[in-house]
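Just so it is clear, none of the values below were taken in a lab; they were calculated from the coordinates. Predicted, not measured: the structure shown is a model, and the values here were computed from it. Glycine also receives a Cβ, built like all others from the backbone with ideal geometry; neighbour counts cover every protein chain displayed.
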Amino acid sequence: MFKKLAELFLTFAKVGVMTFGGGYAMLPILQREIVESKGWATEEELADYFAIGQCTPGVIAVNTATFIGRKKDGIPGGVCATLGVVFPSIVIISLLAGVITAFSELAWVKNAFAGVRVCVCVLIGNAVWKLGKKSVVDPWTAALFALIAAGAILTSWSPVVFVLFAALCGVVLKVLLHVPGKDGASK
Amino acid sequence: MILLRLFWEFFQTGLFAVGGGMATLPFLYDISDRTGWFTHAQLADMVAVSESTPGPIGVNMATYVGFLTAGIGGAVVATLGLIAPSILVILLISVFLDKFRDSRLVNAAFYGLRPASTAMILAALVLVVKATFLPNGLAVPDWRLLVLAAVLLALTNAVKQTKKLHPIVFILGSAVVGALLRLAE
């Protein structure tokens, strides 16, 4: 048990170190480390976790780590994965705290991060494409995708509104109208 | 005593900030006004620094503010306070999900939730793209950034030898390119 929890902690610490630019930048790293390398979750489950993470309190990266850890090794797993993902932040920020403003003003740091930001855009774009292939599976889900994307880009409504609306649409389509095709079941 | 207060302040932030790291900002401004533990200017610095250090932005902010207030112990306590509500809420939801995994209703809800989740990540990407390619309200993007983006798109999707490489390789490579070409200037 200890070994499994240590593996969860270390894997998520690795994800934390490699996440530059906020929670969404974690998505491509999670796809590589958790879905492809370890097989601890599927692409569909990642989409589920991000959906729930966006409308529940707290930082999305933390919510996702708790989900995956809990799924793999129960409640201790959820706690260990979460502590793992925040561990590098605590170490790095505490080390830099004294010089932190000076650090972000350094010319080479600014230049390097201008490059990193471009890369993060491309990686998130690829991640969205991958998720889209698994979540947009028929004309209904394509329409819902377009609708929510337009809503989220053009309005400043809370994600809670979109998530509740989408869940309701899913229920109406599947249960009331009996839309055929693959179910949303995640195994 | 200060540690207990730190934990409590960040616990509330973690509980009420919905929608990711940036959603914690208004709460942090509020803490700053009420406690005087840190200034608005320090918070603004921290947003910039969070974007140039690894880790989720919300977590970095909590760690930094905790450190300013009470050293290493403060950093740890503030971060634990921020993540405690998430852990509790998500554990509850995931236990509930396990129980109803085979329910038709829950599966139907996820059928609709998945495309929505992807769409909201796309919307977040639009904001990141704007901030990256058109910083400070620039009207025309720097062509070097566009070239870098095109090269990265090709390397991560089309070129057989490189597309299976770990994402961190591209991130570090882009950092080097950025520093060498002075991409921020």
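Taking 0.36 nm per residue of separation and subtracting the Cα-Cα distance, full extension of the segment from B:A48 to B:D102 would add 15.0 nm. With both labels modelled 7 Å from their Cα along Cα-to-Cβ, the A:L168 to B:L180 distance reads 5.4 nm. Charging the Cβ of each Asp and Glu at -1 and of each Lys and Arg at +1, and nothing else, the dipole of the protein assembly as shown about its Cα centre rounds to 920 debye. Entry note, the protein assembly as shown: the mean residue ellipticity at 222 nm calculated from DSSP H runs of n ≥ 4, each adding -39500 (n - 2.57), is -25500 deg cm²/dmol after division by the residues and rounding to the nearest 500.
Distance between the modelled labels on A:L177 and B:A139, one decimal in nanometres: 4.4 nm (7 Å Cα→Cβ projection). Would you mind telling me which residue in B:T24, B:T63, B:T156 has the biggest mean-square fluctuation in a Gaussian network model of chain B, where springs connect alpha carbons within a distance under 10 angstrom? The residue with the greatest mean-square fluctuation here is B:T156. When the alpha carbon gyration tensor of the range B:142-185 is reduced to an equivalent ellipsoid, the three semi-axes, largest first, read 20, 12, 6 Å.
Each Lys and Arg adds +1 at its Cβ and each Asp and Glu adds -1 at its Cβ; summed about the Cα centre, chain A shows a dipole of about 240 debye.
Charges were assigned to the Cβ only: +1 to each Lys and Arg, -1 to each Asp and Glu. The resulting dipole of the range B:2-99 about its Cα centre is roughly 200 debye.
Of all lysines in the structure, the ones whose alpha carbon falls short of 18 Å from that of A:K3, not counting any fewer than 8 places away in one chain, are A:K14, A:K38, A:K71, A:K72. Can you give the Kirkwood hydrodynamic radius of the protein assembly as shown from its Cα pairs, in Å with one decimal? By the Kirkwood definition, the hydrodynamic radius is 20.9 Å.
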